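Sharing a structure below in structure tokens format, with a few things to ask.
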Amino acid sequence: MRPTATWTLKDRETPPIDDTEGQPRAGAVHQQIDPRRINAVQVAPARTRRARVHLIELLVVILIIGILAAIAIPSFLNQTTKAYDASAKELARTAQTTALTLGTDNGGSYTTIGSACGAGAGALNTYESTLFTSTATAGSNAWLQCATGSGTTFVVTSQANNTLTQYSIQDINGAVSRYCGPAAGNPENATAWTAPTAGATVSTAPPLPSRTAAASTAMVAEQLPV
């Protein structure tokens, strides 16, 4: 009869199995693997995969935010520019209405406005207190840069804050013309435009370039439709 193989049982140990007869090998000890270690080995790759997925998701979100910012920021800046210019246009219309009122009170003559820009703007401000006559009083709003009058002719010129674009309304015997152009020190560093005054003739000029044009492009007066 074949002798029986012996084996030693220790904590968390199982008898090794003989490869040929399924019996424990003599004198051999086989230690059982801790299940927690098996779980740790299995969990580690899963955590790595999740971390990679989260990183990709984060990059996608950052990319989307960048695209939206590239679209929204220029649009916002453009709308801000339009708001400044719209304020100056509205102020010029208010000054025009005020000048017409002053002319009516003086028998159709605008000579009371005078030939000096500042004095003329002050004369209109007496009639309409919302017509700011300097950047100090206007703050972030548009202001009345010039107002002149002579006989049956008057010209009012407003200037937008920040963009420094000037808007002029010229009234010659009831015939109204509108012009605009850049003031000195404008953001585009374009050639400054000289606004018209009462009695002066404004020559026809090329259209005002787009604000997206290069800063070195000269911006010239534009006769706007009535």
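If packing is taken as the average count of other Cβ atoms within 10 Å, what order do 166-179, 148-161 fall into, highest mean first?
Packing order, densest peptide first, comes out as 148-161, 166-179.
Okay, moving on. Skipping prolines and chain starts, which residues have an amide H placed within reach, meaning under 5 Å, of the one on Gly151, given they are 5 or more residues away or on another chain?
The list, which skips near neighbours in sequence, is Tyr110, Thr111.
Net charge within 10 Å of Val156 by Cβ-Cβ distance, Lys/Arg positive one each and Asp/Glu negative one each, not counting Val156 itself?
Combined, the nearby Lys, Arg, Asp and Glu give 0.
Along region 59-76, what does the Karplus equation 6.51 cos²θ - 1.76 cosθ + 1.60 (θ = phi - 60°) give for ³J(HN,Hα), rounded to whole Hz, x for Gly and Pro?
5, 5, 4, 4, 4, 5, 4, x, 5, 5, 5, 5, 8, 6, 4, x, 5, 5
Counting Lys +1, Arg +1, Asp -1, Glu -1, what net charge surrounds Leu131 among other residues with beta carbon under 15 Å of its beta carbon?
Result for the local shell: 0.
Taking amide H atoms as placed 1.01 Å from N in the peptide plane, list the residues 5 or more away in sequence, or in a different chain, whose amide H sits under 5 Å from that of Cys180.
Excluding prolines and chain starts, which carry no amide H, the hits are Ser168, Glu222, Leu224.
Values in this text are rule-based calculations from the coordinates and carry no lab data. Since the structure is predicted, the reported quantities are computational estimates derived from the model, not experimental observations. Please note: Cβ atoms are built from the backbone with ideal geometry, for glycine as well, and neighbour counts cover all protein chains shown.
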